[in-house]
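K.L.:
First the structure, then my questions, so here it is.
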Amino acid sequence: MTAHAYAGRTAIAGIGATEFSKRSGRSELRLALEACVAALDDAGVAPEQVSGLSTFTMDTNPESDVMRSLGIKELTHFSRVHFGGGAPCGTVQLAAMAVHEGVADYVLCYRAFNERSGHRFGTGVQDRVPGHTAEEVAYAWTSPFGLLTPASWIAMFATRMMHEFGVTSEDFGRVAVADRRHAATNPRAWFYEQPITLEDHQNSRWIVEPLHLLDCCQETDGGQAILVTSLERARDLRRPPVVIEGAAQGMAEDQQMMRSFFRDEITGLPEMGVCARQIWETSGLGPDDVQTAVVYDHFTPFVLPQLEEFGFCARGEAKDFIADGNIELGGRLPVNTHGGQLGEGYLHGMNGIAEGVRQVRGTSVNQVDGAEHVLVTGGTGVPTSALLLGAA
Amino acid sequence: MTDTTEPDDLLAALRALVGTEGPPTTPRHPVDETLVAHWCDAMGDDHPVYVDPDAAAASVHGGLVAPPATLDIWDRGGLKHARSADSPRGRALALLEAAGFTSVVAVNSELELRRYVRPGELLSNVEILDAVSEEKATGLGVGHFVTTRHRYSTADGEHVGDLLFRVLKFKPGTGRPAPGPGEGAPPPPDPDPALRPRPAINLDNEFFWEGARRHELRIQQCRGCQALHNPPTPRCPDCGSFDQGWIVASGRGHLYSFAVPRYPQVRGFRYPVLVGLVELEEGARLVSNVVGVTREQLSVGMPLEVCWLDSHPAQVEGETDARGPITLPQFRPATPPRREATLAAADVAEGDALPLFAVPVTTTLIVAGALATRDFTDVHHDRDAAVRAGSPDVFMNINTTLGLTERYVTDWAGPDAVVRALRVRLGAPNHPGDILAFSGSVQSVDPATGAVVVALQGANGLGAHVTGTVELTLPTASTPTQEASR
Ligand SMILES: [Zn+2]
């Protein structure tokens, strides 16, 4: 039995974001700073009180620049998590550990980019110069064959899911429809007041078969920050504390970066299973204790095995769990009540943590009654992370 | 000569020839076992009744026979033989050449066999000019279709088969331009495979790419515990050994999963790209392209075999590329095995699908096929001549297509299936480097007589190369198979 010492003793005290757009008109650094300032304002914490920063290795905004512009005099903790969208809950975990160990009092976790108006991840890796590092060599097994984008890597798993479990494109589509329905009532969402039907999903053009355009998350400009501190300090701040009941990173055997095609089975997400085991063991809770979840949705297919890895349904049965309406508002487990990355915006999962905080605070635009424990997951197909948030 | 003949005069002169009959051809050689063996080698046809006297004696044929698709090759003149002035088609083609219709392609060949012919028999044919079309605008160029009928007989006058043959005689350079992309649509990216992303190569994976250059599919094998690891790794996660070697995999496997990228489109690929996750029979998996199939033919579990794409040359823009040439493994449908026990008519149902059969089109196949069918037309063996005739490279002759068609169907049906007719129509040419992908299904079956019609297609990268039907007689419960041949 694992019990993480920081769990239950650390909290999220503030959240802050820029608007989510297709063209921010501002630098990525400025987006990061605006998000950090908003998170500090949300908590009522001054920038000088911050002594730690945590972000993604993919983020272009060095801690030194963020520190300077926020007017922070000293940093005693700065850390980054690798593997793209797998990182969001990992940054919060690092922050919580630093706080619990007394290394830092307030740690800002941030992620900001112009992922639509600047470098678009969806354009793929075809321009990467073939080098000699293990990370570069890994692309040799896929890029020369035309598998060049995140959508193309995920599609390979999706086809196998369809083959083994009888999952259909409509099953993937139901995830998109739920996300967009939730986004339609969220004024922060890019697709505010723009719900879609399953027919819209089916009629949207192919990106990489079996993925339609509406299976793919948005490309977004924006920034999101999360302020982590001790539960004790958080009690004295502007907002009620949101307790970090569990936090986990996970990698599993034969892990590859979005291309774990070589495992015996490729229809599950064992790295998410590693997170799930830690979250349940640390919190002493289980799937029945969770009222709503933010499930990472860069592409719809991988929402299914996440529900299975956390035990909300049995392996291969997520398609039925979803078809029965369980992920909708009013269902057993409303998922992505902010609209997810398909509906609200693609902030590498950091905006999903903010929605988890709002659900615990009771301030979501699509508030789930009695949301005591909220699960948030990080990116899928990559080494990943997860959080369980709860009321103090 | 001049090409100022008035079209009306030309057509009148051509039409005047319709219905004329030539004298019987004068064969120089009998049906010949050696050439049959060359033909079998070129087509990859291992049917024993063509080459193995013992197997042939035990078959429905009771002895060696010539492949049915060879009916029209035996009385051909050969390399030094000029076109006969007595041939009605020869006279029609001469008129057309004089009018500027200098290029020719075969478009239809329909063979009907009364019986199989045997080594030693001397065949000749009588030709009738059946039809000459009006001037037509085709993809290849403006031209006329010229149709002849040929009646094949043995030296003692036995009628053994018939051929309907149609060629297009056209003016080079007058073809319709290929349809362009839609208004405002971006042009498709250059599909030259040399423009694909190169693989990153280091000390840990170079054995794989060195193997690929030799057309060997190398999979890392631990020398400590014999476990296979793909992608390779410097240290065996199973036993801990740093001592890593490799095996050459058989190249056989099946499709474990697939993805079909359509957007964004990048240089070096033809879209949609068929990307497969291939599980080798040795157990390892790798990502590759599935070639010789359409998107609709992709299915998880389909048997595959490796083939090779020499994608990146050693020289790039005149400079030697220090990174060396690159060859990529590709996978095509596994060549279906030749059936040993002949299908009975009762085993066949309308709509039954034949297995996919992907034939790599090489210069060797084109030249060997042309020579094995005694077709010395320069465009089938001389690249410079083919280019002068407006073609990017040599292209396959119709008799090779016919031979591959026959092999496809008889490999599926089994050794005692008797071919009654082969009818093919040609479309896009087969050039070296392409893949000719056959698919087919049973169009009709008569359980009482054993008569089966198979409809088939052969597609290549340019489109439909061949469509056609093959009529067979399969053994039935009530008719002894010996009856089927004679
Ligand atoms: Zn070993």
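The values are calculated or read from the model by the stated rules, or taken from the named source; none is laboratory data. This is a predicted model, so every value here is computed, not measured. With ideal geometry, Cβ positions are generated from the backbone for all residues, glycine too; neighbour counts draw on all protein chains shown. These accessible areas exclude ligands, DNA and RNA; they are computed on the full protein's heavy atoms, side chains included. Shrake-Rupley method; radii C 1.70, N 1.55, O 1.52, S 1.80 Å.
Residue by residue, here is whether (1) modelled with pLDDT under 95; (2) buried (at least 24 other Cβ atoms within 10 Å of the Cβ); (3) aliphatic (A, V, I, L, M) holds:
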residue: A:Q341; (1), (2), (3): no, yes, no
residue: A:G345; (1), (2), (3): no, yes, no
residue: A:R358; (1), (2), (3): no, no, no
residue: A:G362; (1), (2), (3): no, no, no
residue: A:N366; (1), (2), (3): no, no, no
residue: A:V374; (1), (2), (3): no, yes, yes
residue: A:T384; (1), (2), (3): no, yes, no
residue: A:L387; (1), (2), (3): no, yes, yes
residue: A:G390; (1), (2), (3): no, no, no
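K.L.:
A further question follows. For region B:10-37, which residues satisfy the criterion of being farther than 27 Å from B:V65 by Cα and without any contact (Cβ under 8 Å) to a residue 24 or more places away in the chain?
P.N.:
B:A12, B:A16
K.L.:
Do you know which of the residues in region A:100-112 that are open to solvent by less than 10 Å² (accessible area, probe 1.4 Å) and either among the aliphatic types (A, V, I, L, M) or modelled with pLDDT under 95 (or both) is farthest from A:D236 (Cα to Cα)?
P.N.:
Within region A:100-112, the match that is farthest from A:D236 (Cα to Cα) is A:A112.
K.L.:
If I ask for residues that are aliphatic (A, V, I, L, M) and open to solvent by less than 10 Å² (accessible area, probe 1.4 Å), which ones from region B:47-99 would you list?
P.N.:
B:V49, B:A56, B:V60, B:V65, B:A66, B:A69, B:L71, B:I73, B:A92, B:L96, B:A99, listed by residue number.
K.L.:
Under 9 Å by Cβ, and 6 or more places apart or on different chains, what pairs join a residue from region B:226-246 that is closer than 18 Å to A:E136 by Cα with one that is near the ligand (Cβ under 10 Å from one of its atoms) and part of a loop (DSSP other than H, G, I, E, B)?
P.N.:
Taking only residues 6 or more apart or on different chains, the pairs are B:P234/B:F242.
K.L.:
Moving to a separate point now. I'm trying to understand the selection: among the residues of region B:425-449, which are in a loop (DSSP other than H, G, I, E, B) and either assigned by TED's automatic domain parsing to the domain that holds B:T294 or within 25 Å of B:L163 (Cβ to Cβ) (or both)?
P.N.:
Passing the criteria: B:G427, B:A428, B:P429, B:N430, B:T449.
K.L.:
Right, next: Check off (1) away from the ligand (no atom under 16 Å from the Cβ); (2) within 14 Å of chain A (Cβ to nearest Cβ); (3) in contact with a His (Cβ under 9 Å, 6 or more places away or on another chain) for B:L277 and give me the number that stays unchecked.
P.N.:
(3)
K.L.:
Tell me, yes or no, whether region A:110-132 has at least one residue that is within 30 Å of A:G16 (Cβ to Cβ) and within 8 Å of chain B (Cβ to nearest Cβ).
P.N.:
Checked region A:110-132: at least one residue is within 30 Å of A:G16 (Cβ to Cβ) and within 8 Å of chain B (Cβ to nearest Cβ).
K.L.:
Then there's this: Pairs needed: first member in region A:1-25, closer than 20 Å to A:M350 by Cα; second member anywhere, in a loop (DSSP other than H, G, I, E, B); C-beta distance under 6 Å; at least 6 residues apart or different chains.
P.N.:
A:A11/A:P241; A:A13/A:L237; A:F20/A:W190; A:F20/A:T220; A:F20/A:G345; A:K22/A:R116; A:R23/A:S117
K.L.:
Could you grab me the full set of residues in region B:338-364 that are aliphatic (A, V, I, L, M) and open to solvent by less than 50 Å² (accessible area, probe 1.4 Å)?
P.N.:
Scanning region B:338-364 gives B:L343, B:A344, B:A345, B:V348, B:A349, B:L354, B:L356, B:A358, B:V359, B:V361.
K.L.:
Please enumerate the residues belonging to region B:203-220 that are within 16 Å of the ligand (Cβ to nearest atom) and over 37 Å from the mean Cα position of the chain (by Cα).
P.N.:
B:D204
K.L.:
Given the conditions (1) surrounded by 12 or more Cβ atoms within 10 Å (Cβ to Cβ); (2) within 14 Å of chain A (Cβ to nearest Cβ); (3) more than 30 Å from B:G390 (Cα to Cα), and given that B:R223 satisfies all but one, which numbered condition is not satisfied?
P.N.:
(2)
K.L.:
In addition: Considering A:R80, A:R160, which residue is away from chain B (no Cβ under 14 Å) and at pLDDT 95 or above?
P.N.:
One residue alone meets the criteria, A:R80.
K.L.:
Continuing with the same structure: Could you tell me which residue of region A:138-152 is nearest to the other protein chains (Cβ to nearest Cβ), considering only residues that are open to solvent by less than 10 Å² (accessible area, probe 1.4 Å) and either aromatic (F, W, Y) or farther than 28 Å from A:L214 by Cβ (or both)?
P.N.:
Residue satisfying both the conditions and the ranking: A:A140.
K.L.:
Within region B:261-269, identify whether any single residue is open to solvent by less than 40 Å² (accessible area, probe 1.4 Å), within 13 Å of chain A (Cβ to nearest Cβ), more than 16 Å from the ligand (Cβ to nearest atom) and aliphatic (A, V, I, L, M), and answer yes or no.
P.N.:
Within region B:261-269, one or more residues are open to solvent by less than 40 Å² (accessible area, probe 1.4 Å), within 13 Å of chain A (Cβ to nearest Cβ), more than 16 Å from the ligand (Cβ to nearest atom) and aliphatic (A, V, I, L, M).
K.L.:
Check whether at least one residue in region B:212-220 is facing another protein chain (nearest Cβ under 8 Å) and either out of contact with any strand residue (DSSP E or B) (no Cβ under 9 Å at 6 or more places or on another chain) or within 22 Å of A:A134 (Cα to Cα) (or both), and report yes or no.
P.N.:
Checked against the condition, which is being facing another protein chain (nearest Cβ under 8 Å) and either out of contact with any strand residue (DSSP E or B) (no Cβ under 9 Å at 6 or more places or on another chain) or within 22 Å of A:A134 (Cα to Cα) (or both), region B:212-220 yields no hits at all.
K.L.:
Just checking: which of the helices (runs of 4 or more DSSP H) contained wholly in region A:102-190 hold 2 or more residues that are farther than 19 Å from A:G86 by Cβ and in contact (Cβ under 8 Å) with a residue 24 or more places away in the chain?
P.N.:
Fully inside region A:102-190 and qualifying: A:150-165, A:169-183.
K.L.:
Kindly indicate the residue of region B:286-305 that is open to solvent by less than 40 Å² (accessible area, probe 1.4 Å) and away from chain A (no Cβ under 13 Å) and also nearest to B:P333 (Cα to Cα) among those meeting that condition.
P.N.:
Per the criteria, the residue is B:L304.
K.L.:
I'm checking my understanding of the structure. Among residues of region B:226-238 that are within 9 Å of the ligand (Cβ to nearest atom) and within 11 Å of chain A (Cβ to nearest Cβ), which one is least open to solvent (accessible area, probe 1.4 Å)?
P.N.:
Here the answer is B:H229.
K.L.:
Test of understanding: among B:A94, B:A69, B:A85, which residue is closer than 30 Å to B:G175 by Cα and in a helix (DSSP H, G or I)?
P.N.:
B:A94
K.L.:
Looking at (1) of a type in the set (A, V, I, L, M, F, W, C); (2) more than 14 Å from chain A (Cβ to nearest Cβ); (3) within 12 Å of the ligand (Cβ to nearest atom), which is the only condition B:A249 fails?
P.N.:
(3)
K.L.:
Considering only residues of region A:59-91 that are charged (D, E, K, R) and part of a helix (DSSP H, G or I), which is least open to solvent (accessible area, probe 1.4 Å)?
P.N.:
Only one residue tops the list, namely A:E63.
K.L.:
Okay, next question. In the set A:R188, A:R160, which member is surrounded by 16 or more Cβ atoms within 10 Å (Cβ to Cβ) and within 20 Å of the chain's Cα centre (by Cα)?
P.N.:
Exactly one residue qualifies, and that residue is A:R188.
K.L.:
Taking the conditions exactly as written (within 14 Å of another protein chain (Cβ to nearest Cβ) and open to solvent by 30 Å² or more (accessible area, probe 1.4 Å)), does B:R176 satisfy them or not?
P.N.:
no
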